[in-house]
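Input: a single structure, listed below in structure tokens.
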Amino acid sequence: MLAGLVYDATTPELIAELQATREVLYEFNSLHPSETQRMKEILKGLFGKVGDEDFIVNQPFRCDYGKQISIGKRFFANFNFTVLDEARVTIGDDCFIGPNVSIYTACHSTDPVERNTRQEWAKPVTIGNNVWIGGSVTILPGITIGDNVTIGAGSVITHDIPSNTVAVGNPCKVVKSL
């Protein structure tokens, strides 16, 4: 899965990992909003890497495995952040994620017969430093977003976004260089 090869998404081992992550997320999402330290402890145990103690992930939060997610220093994610982390998701320092943002790494065949076999593959997503992703943005598998980027609300990112730019739309396109 992490190598980007085709795999069976219904293997008992993967199903068990998904279920274990859902149990952890149930606890996280059920905490009283004032229990910020416990929230951080849960996410530090779930994520593959956390840059420092200065991070916030607002409830609710959803992911598939958690351990493929790395966040940098001073990370902030607003409500309804969803990460399908079948491949690695690496987010740099000083990144701000708006509400209702989704990051997808899982890929499925467009052929319905192939798709129904439950075979899939995954492509990593990388987000650089100093990135602001507006609300309701969707980031598709295999995307790299450079440093110092702003992504406008509602954008669907279908290709890499270079550093030092502002990009918006569906599909997302660079509209300004910084």
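The values are calculated or read from the model by the stated rules, or taken from the named source; none is laboratory data. Since the model is a prediction, treat every value here as computed from it, not as a measurement. Cβ: placed from backbone, ideal geometry, glycine included. Neighbour counts: every protein chain shown. SASA here: full protein model, heavy atoms, side chains in, ligands and nucleic acids out. Shrake-Rupley method; radii C 1.70, N 1.55, O 1.52, S 1.80 Å.
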**OP:** Return the carbon/sulfur percentage of the accessible area of the chain, one whole number, probe 1.4 Å, all protein chains in place.
**Re:** 55 percent
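Please list 33-43, 146-156 highest first by mean number of surrounding beta-carbon atoms within 10 Å per residue.
The packing order, highest mean first, is 146-156, 33-43.
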Original post:
For GLY169, which sequence-distant residues (separation of 5 or more, or a different chain) have an amide H within less than 5 Å of its own amide H, given hydrogens modelled in the peptide plane?
Top reply: GLY152, SER155, VAL156
Original post:
With the chain treated as a Gaussian network of Cα nodes joined by springs under 10 Å, which of CYS95, CYS107, CYS63 yields the largest mean-square fluctuation?
Top reply: CYS107
**OP:** Count charges around THR21 for me, please; just the other residues with Cβ under 14 Å from its Cβ, Lys/Arg as +1, Asp/Glu as -1.
**Re:** -4
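Listed highest first by mean packing, meaning other Cβ atoms within 10 Å per residue, what order do 167-176, 2-11 come in?
Result, highest mean first: 167-176, 2-11.
Which whole-number value in Å² is the accessible area per residue of segment 1-119, probe 1.4 Å?
Accessible area per residue: 52 Å².
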Original post:
Could you give the dipole magnitude of the chain about its Cα centre, charging the beta-carbon of Lys and Arg +1 and that of Asp and Glu -1, in debye to the nearest 20?
Top reply: 360 debye
Original post:
Taking the chain as a Gaussian network, Cα atoms linked when under 10 Å apart, which of PRO60, PRO124, PRO141 shows the biggest mean-square fluctuation?
Top reply: PRO60
Original post:
From the residues LEU5, GLY72, PHE61, which one has its Cα farthest along the dipole of segment 1-116 in the positive direction, the dipole being from +1 and -1 charges on Cβ of Lys/Arg and Asp/Glu about the Cα centre?
Top reply: GLY72
